[in-house]
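Below is one structure, written out as structure tokens; the observations come after it.
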């Protein structure tokens, strides 16, 4: 396949780029803090000095950025994607943003003759490293089909969801459910401990029942140890809860559980836990004195 551009080398972007390199893809990478590119260069990547330079060089460019503001600035700012996007080039934004941001980017790209696909992913650091993400794509169908070889390396399954905005919405629903579940799980762990029970026993019982799931199994042991190494930073989880609640507003869907979960993540941020894993919301409950 042609050389691929990759913009954004945070926890996810770096793992995804590394995976593409391992599978023989040629990559040109860019990150706002350029030193983030060094390790990828050691594995054969080339550095582009700006998003525009990457777009100019590559037929397909993937972006993996932290939030709507970052996703927009990479496209619209000086030296950004728009300066070089043109007919025959594809831009694939895999960041988690709201549908409005995605549509704004899509309109800008297509007005220059480029093709656009939004493709947010379900999965955090480990699935990214292992190529086990779930890809929620929407937009230009032809571009989806052309970029599938890369998606097949990055993910275990890709869904094509139709028009731009649908991928963003699906991703927000998934992360909203995840954030709500994490809060219920945290409450259960703390209640177990305060009731004089062993939280490890709770984990064993949950894992054998109808609500067993990979998240409880993966996060539970480290939460019991109060260890929150960031696979998915809490500040990003709170951003996704906020965006999901806005989607609820738009569609008049009452979401009392998600709203309460969002408040808990906000409290965690106010306690300075934003850069830890989203499971650190657990600490907001432990802070309450019995």
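A few comments on the model shown:
- Only one entry of 73, 106, 102 meets the criterion of being closer than 24 Å to residue 168 by Cβ and in contact (Cβ under 8 Å) with a residue 60 or more places away in the chain, and that entry is 102.
- Failed condition for residue 194, given (1) within 30 Å of residue 166 (Cα to Cα); (2) more than 23 Å from the chain's Cα centre (by Cα); (3) touching a residue at least 40 places away in the same chain (Cβ under 8 Å): (1)
- Number of the exception - residue 84 against (1) in contact with a helix residue (DSSP H, G or I) (Cβ under 8 Å, 6 or more places away or on another chain); (2) surrounded by fewer than 24 Cβ atoms within 10 Å (Cβ to Cβ); (3) in contact (Cβ under 8 Å) with a residue 60 or more places away in the chain: (3)
- Listed conditions (1) out of contact with any strand residue (DSSP E or B) (no Cβ under 8 Å at 6 or more places or on another chain); (2) modelled with pLDDT of 95 or more are all met by residue 114, apart from (1).
- Selection count, region 11-65, where residues are without any contact (Cβ under 8 Å) to a residue 60 or more places away in the chain, touching a strand residue (DSSP E or B) at 6+ places or on another chain (Cβ under 6 Å), buried (at least 18 other Cβ atoms within 10 Å of the Cβ) and not in a helix (DSSP H, G or I): 9
- Boolean, residue 176 is under 18 Å from residue 282 (Cβ atoms) and crowded, with 18+ Cβ neighbours inside 10 Å: no
- With respect to the conditions (1) part of a helix (DSSP H, G or I); (2) out of contact with any helix residue (DSSP H, G or I) (no Cβ under 7 Å at 6 or more places or on another chain); (3) surrounded by fewer than 13 Cβ atoms within 10 Å (Cβ to Cβ), residue 239 lacks only one, and its number is (3).
- Filter pass, residue 249 being under 30 Å from residue 101 (Cα atoms) and in contact (Cβ under 8 Å) with a residue 60 or more places away in the chain: no
- Criterion violated by residue 246 - all others in (1) more than 24 Å from residue 227 (Cα to Cα); (2) more than 22 Å from the chain's Cα centre (by Cα); (3) outside any loop (DSSP other than H, G, I, E, B) satisfied: (2)
The values are calculated or read from the model by the stated rules, or taken from the named source; none is laboratory data. Fair warning: this is a prediction, and the values are worked out from it, not measured in the lab. Cβ: placed from backbone, ideal geometry, glycine included. Neighbour counts: every protein chain shown.
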